[in-house]
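Scroll down for the structure; my scribbles are underneath it.
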Amino acid sequence: MHFPRYSPRHEFGASLCIAAMLTLTPAMADTPPPNLPGPMPPAANRKLAHDIFRDLVEVRSVHDVGTRGTAAILVKYFKANGFTDSEIQVLPETKYPRQVNVVVRLKGKDKGKDKPVMWISHMDVVDARPQDWTLPPFKFTERDGWFYGRGTSDMKDEDAAVAASLIRLKKEGYVPDRDIIAAFTADEEVGQEQDGPAFLLKAHPAAVNAGLVINPDGNSGEILNGRRLDFTVETTQKTYVTYTFSVTNKGGHSSEPRPDNAIYELAHALVRLERYRFPFKTNATTRLYFEQLAKTQAGRTRSDMLALAASPTVDEAAAARLAKDVEMNSILHSTCVATMLNAGVQENALPARAVATVQCRIMPDETVAGTQTTLAKVVDDPAVKVAQLGMVTQAGESPPSPQLLAALTQVVDSMWPGMPVVPVMSAGASDSIFTRNAGIPSYGIGGGWNDLKDIRMHGRNERMSQSTFYQTVEFTYRLMKKLGDVQS
Ligand SMILES: [Zn+2]
């Protein structure tokens, strides 16, 4: 996944999110993380979480390699800490056996009366070229209060936190009311036909028969200028859909150019796309978000956010002002952007074909077909064919129930007193789309904290503050205990 929730990184990803390329300036390399204390697990559990984290990061679990290696590590730790074969399911994908999922279940005392609560966390990472990094990406480096390595913030930190917390509950002899499931999954970063949760929901529904899903991908806490800002809970996300714009032409010899040219025709269409803006809109989640965020703002920004929070009818002027900020813009309407071009086969031949890839994030209530129609209107040239690329999964909103928000707020407050809990819509994409689409209320809640000015998911020299990591583990343990007991 995924970039921080409300900024389009939350991808979820460059495959599903936009990589935030960051150069590691010497100053930044030596700067210890901001000192933001919070409760941590007992020493033995900290050690366990550290070791699981280290071992996972040191496996290059990218799409082409798969997740066999990371799956084996998790199974080893669960077995070494008291889980039996009947509680651990290793589920490789039938068509893609290198994509292995691991489902671990801590049984509840209510014998399934209440549907289980399930954590989903992906074990794969986007790739990293050693020559682009200052440190070896697939080595777990501990330096200056940081853990460095690919996946340290997306999302092997959360994988380790979920595993170490489930083991701690087991060791404490804790028996929840309802089953607690941890599904460690494959191939989120590509998120298509080899996606783990999509496979499990289809091929092994009994293993993942949850009534509530918690997805820690992308982390929830937001830090700005060394201060904690808020704790987000993702309730919905924009739909990730890609289209192609393609033009064909009879081509010919470049010594005799004609007025009709596939590349020029495509270029004109792209300029029209560049100038087009999808209509501004809000939904239940973003109105709540603006209401909360306005509290931290002043002046015109504050009044604009309050104007948007106040009514489903959008204040166009307020929206236009806020949309000047890239992140705000990404949650105020659908967006489509050209990301790749392909044209021509030879230098001295007029191009017979020109194709652009247009990557869109559409608002949850908009349809894939409707957006395609809009794009065809924007392009306004019948010679430019607009077509959908690949499969698309869409899902609506998982409105935050008062019980869930109350339980979450209690746990957040026990960790970081007074931190506002803010429902958000993600512009990035994550596996919650599959569980939501399967009808399971799913929430993006991870104990980790993103420094909004130093986001390195999918980027170079990815890192996680050591203190934040241990707080993430403690938070996950407390939330598991809270949601494992049904009365909460
Ligand atoms: Zn992720």
Would you mind calculating the gained length between ALA320 and LYS95 on full extension (0.36 nm times residue separation, minus the Cα-Cα distance), in nm to one decimal?
76.3 nm
When Lys and Arg each count +1 and Asp and Glu each count -1, what net charge do the other residues less than 13 Å away from MET464, Cβ to Cβ, add up to?
-3
Calculated FRET efficiency for the pair VAL345/GLN403, C-beta based, R₀ 41 Å, to 0.05
0.10
Taking the convex hull of the Cα atoms, report for the range 149-300 its projected area averaged over all directions, in nm².
18.1 nm²
Å² per residue, accessible surface of the range 239-389 at 1.4 Å
53 Å²
Where both partners of a DSSP beta bridge lie in the chain, what percent of those bridges are antiparallel, to the nearest 5?
70 percent
Calculate the all-directions average of the projected area of the chain's alpha-carbon convex hull, and give it in nm².
24.3 nm²
At 0.36 nm per residue, minus the direct Cα-Cα distance, what do TYR264 and GLU193 gain on full extension? Give it in nm, one decimal, please.
22.1 nm
Can you pull out the trypsin sites (Lys or Arg not before Pro) in the range 275-328 that DSSP calls coil and that have at most 10 other Cβ atoms within 10 Å?
LYS324
For the range 210-361, the spread of Cα positions along each principal axis, largest first, Å
64, 41, 32
Quick check: residue separation of VAL65 and SER255 times 0.36 nm, minus the Cα distance between them. What number comes out in nm?
63.7 nm
With r as the distance between the Cβ atoms of ASN225 and TYR276 and R0 = 41 Å, compute the FRET efficiency 1/(1 + (r/R0)^6) and round to 0.05.
0.75
The range 414-488 to the range 142-161: how many Å between their Cα centroids?
14 Å
Computed FRET efficiency, Cβ-Cβ of ARG353 and ALA72, R0 41 Å: what is it to the nearest 0.05?
0.35
Accessible carbon and sulfur surface of the chain relative to its total accessible area, %, 1.4 Å:
56 percent
Could you go through the range 166-183 in sequence order and give the Karplus-derived ³J(HN,Hα) for each residue, using 6.51 cos²θ - 1.76 cosθ + 1.60 with θ = phi - 60°, rounded to whole Hz, and x for Gly and Pro?
5, 5, 4, 4, 4, 5, 7, x, 6, 10, x, 5, 10, 4, 10, 10, 10, 10
Per the Kirkwood formula on distinct C-alpha pairs, the Rh of the range 364-488 is how many angstrom?
18.0 Å
Output row, site LYS202, 7 Å Cα→C-beta label point, backbone N cut-off 12 Å, window the range 93-115, residues 93-96
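The values are calculated or read from the model by the stated rules, or taken from the named source; none is laboratory data. Values in this document were obtained by computation on a predicted structure and should not be read as measured data. Cβ atoms come from the backbone with ideal geometry, glycine included; neighbour counts cover every protein chain shown. When the accessible area is computed, the model is the full protein with side chains, heavy atoms only, and any ligands, DNA or RNA have been set aside. Shrake-Rupley method; radii C 1.70, N 1.55, O 1.52, S 1.80 Å.
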